[in-house]
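Working notes, structure below.
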Amino acid sequence: MHGRPRNAPRSEESAAKADKLRDLQAQLLHNHHNRIYTNEAVAASAKLLEINPEINTAWNYRKLALQSNLKEVTDAEVIKALVDEELRVVESALRQNPKSYGAWYHRKWVLGHKFSPVNFDHEFWLLSRLLKLDPRNFHGWSYRRFVAALKHVPEVEELKYTMDMIDSNFSNYSAWHNRSLLLSNLLKQKAQGFVSKEKILTDEYDLVHQALFTEASDQSGWFYYLWLLNQTVSPDQPLVISSWPAHGSSWVLSTNRSKNGVKLFSSTSSNPCYCLPMETVPIILFFNQPVSGVNSSTVTVNSVFASNEDLNWRPLSSANSGSAHCWVTYLKISDARISGTSSVDVSLGHSQDIKSANGSPYTFPLLLKFTIELNFADVEQSGGNFGEELFVFNSDKVCFPLESPSISYFDQLKISENPAPLASGWDVETLSNEIRLFKESPDETCKFVKITLARLLVAYDALMSDRSPSSHKKTHSEEVLKLFNDLIQLDPVHAKFYEDERSLVILDQVTFDKESLMKHYGHFCKLTSSSLSYHSALRLNKLSLTRIGFVERLVWVQILDLSHNELQSISGLEALQLLTCVNLANNQLNSFAALEPLRLLSSLRVLDVSFNKVGLHPIDTKRYLCSSPMSHTTDIAQLIKDFKNTEFATYWEAISIFKDLQLTQLNIEGNAAANENLSLILKKALPNLIWLNGVHVQ
């Protein structure tokens, strides 16, 4: 517990305790394996847990034992005695370790099954004693939420309890956290007295100000303040904020069935050409927050190319959670036998089954339209394919800055028809007042003041640019960048966090509007015997980026240069479904697992990850972000068949990442993992590969 030092046991006591522990563990495993649930066996497990409450197998054994021993019992007194014994064992374990995950979970499990009536008076008495000894024990607060819900205690009463605990100690982070959970639920339910979000949050700002200026060095109140700020600026409901093809756009699609691919041109000659594989055109919807439930029932696509029921929407997220900011489906053009121009209508909002993580439904009707004209001309006359010739990112063919085509379609990406409710102006006024308050703070060197002021300025600029996109610029960007640079020097322990936040500010600056974007925008020129085609390129290199953001503004990009940054993660790139060429050279990527988002990019043909840190560290803690080979249940047998056991065991990460890609050009030189064996593996995993490390593949 907080403030209570641990005393090292004497060596004789330690040896005796270890011997007893080994004996009890052996008994437990024997009884567990043989399903022995006698009184003596169960009592032995209790002795073991009194010594070490962290043995989860013992808790699981007691669950099975209790269920087994209750099967034939109907006497209420006997049932109560068995349940009380379980609760007694938990209390004994908690005396040994009040923060034992296994003990608290077991108590919840016992009461949650309602084997016998719960003695709520005893439970709240136990919690009272625990939280008196350690008011910040988050296990105790979690259990209190569980018991309160089991008893149906009104959340308003629990809110008063958190206030009492905060009044007694402003430094009680767990009480602040519990307050945020309760208020979130009450505001979402619009409970009596909690209908006006503005009034409630205004009162909370007044409350947390007392904590901040009473104990400015304590982080508890500051974290609660950041939660309040998030509640102030976060949208209550999900909205579509970007889409591709853009609403109102017109396209000409050129196809050659013998090449199994299509080229998509804007009907406006100044816009670029897109190379699309497998005769498909992606439809991309980008929401302002992660949502689930996007399917052919909640989104209707009317077109002559495919029936709505046949379209399969999938979330673009490497987390495999079924929820994502970005969703995509594909129109198959292969069976289309039509001439002329056809309209594609995408509508949503007629169903409330699209939901955000907090359960808020998408409710605003939205209709997006674009047109496609089919042209069955030879696709090779439309500009050729990427990767057949060696593509060099600093080649003269990639022109920066742009000289001829414009990016007029950039503004079309934004969804301007969202019938979102009119803002009251309370949020802008609140942020203005808070900014003024913290700018006047006498403690200019306090890291909490600096990070809070930076967040306030970012939030204010975002709100104002949404309300007045044509008139408001990112007026505080330079001030925010200075704050994060100061924080990196002031608090080097958390430098990585500040660098990530700084990266988002930089990307916001670069991609905010056409004027800013033009400084980094270019085109790749492809000249054929009959035409000159342009492919959109964006250069975001040498910006000291450590993370990627604002990808909803970049869904149109085909060629992306992110070289010479500090990227350790490329999460977010999976939303850029039109990406054909990506340059990630000279970053800080330290594993193949970091490339996981690229698996979702079916158009990707050229990839440069040279001079990173892949394979530099013998133990890579990020590797488990990539699914283990055992999780690839559908094709694991085929992979083992295709690769030798030694190859698969050594390079399974690389194989699992690259086997789904259709790369024609790859550069991995300059990484610790790069060697001749890996090159042979990559050639086998990438059958379409033409160029490896700048050398033509024989």
Relative packing of peptides 657-667, 233-243, 33-43, 163-173 - highest average C-beta neighbours within 10 Å first: 657-667, 233-243, 163-173, 33-43
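Can you give me the % of accessible surface on region 116-168 that is carbon or sulfur? Probe 1.4 Å, all protein chains present, nothing else counted.
Values: 1640 of 2880 Å².
Carbon and sulfur: 57 percent of the exposed surface of region 116-168.
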So which lysines pass the test for K188, namely a Cα distance under 20 Å, with those fewer than 8 places away in the same chain ruled out? K160, K197, K199, K355
³J(HN,Hα) across region 603-615 via Karplus (A = 6.51, B = -1.76, C = 1.60, θ = phi - 60°), whole Hz, x for Gly/Pro? 8, 5, 10, 10, 9, 10, 10, 5, 6, 10, 10, 5, x
If the cut-off is a Cα-Cα distance under 18 Å, which aspartates and glutamates reach K496, setting aside same-chain residues fewer than 8 apart in sequence? D486, E566, D620
Using the Karplus curve 6.51 cos²θ - 1.76 cosθ + 1.60 with θ = phi - 60°, work out ³J(HN,Hα) for each residue of region 448-455 in order, rounded to whole Hz, and write x for Gly and Pro. 5, 5, 5, 5, 5, 5, 4, 5
Using the Karplus curve 6.51 cos²θ - 1.76 cosθ + 1.60 with θ = phi - 60°, work out ³J(HN,Hα) for each residue of region 571-585 in order, rounded to whole Hz, and write x for Gly and Pro. 4, x, 5, 4, 6, 8, 5, 9, 4, 10, 9, 10, 10, 10, 5
For a quick check: with amide H placed at 1.01 Å from N, whose amide H comes under 5 Å from C273's, ignoring anything fewer than 5 positions away on the same chain? Y534, H535, S536
Amide H contacts under 5 Å for S296, restricted to residues at least 5 apart in sequence or on another chain and with H modeled in the peptide plane, are W313
Hits among lysines - C-alpha to C-alpha of K683 under 18 Å, sequence gap 8 or more where chains match: K641, K644, K659
Cα centroid distance between region 185-207 and region 467-518, in Å? 31 Å
For a quick check: with amide H placed at 1.01 Å from N, whose amide H comes under 5 Å from Q289's, ignoring anything fewer than 5 positions away on the same chain? L239
Protection proxy (average C-beta count within 10 Å per residue), highest first, orders 680-691, 552-563 as 552-563, 680-691
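Before I look further, what does region 90-203 give for accessible area per residue, probe 1.4 Å, in whole square angstrom? Don't skip to the answer; put the middle values down first.
Details: 5820 Å² over 114 residues.
For region 90-203, the per-residue accessible area is 51 Å².
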Most to least packed among 600-611, 478-489 [average Cβ atoms within 10 Å]: 600-611, 478-489
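The values are calculated or read from the model by the stated rules, or taken from the named source; none is laboratory data. Fair warning: this is a prediction, and the values are worked out from it, not measured in the lab. Cβ sites come from the backbone with ideal geometry, for glycine too, and all protein chains shown count toward neighbours. The accessibility values were calculated without ligands, DNA or RNA, using every heavy atom of the protein model including side chains. Shrake-Rupley method; radii C 1.70, N 1.55, O 1.52, S 1.80 Å.
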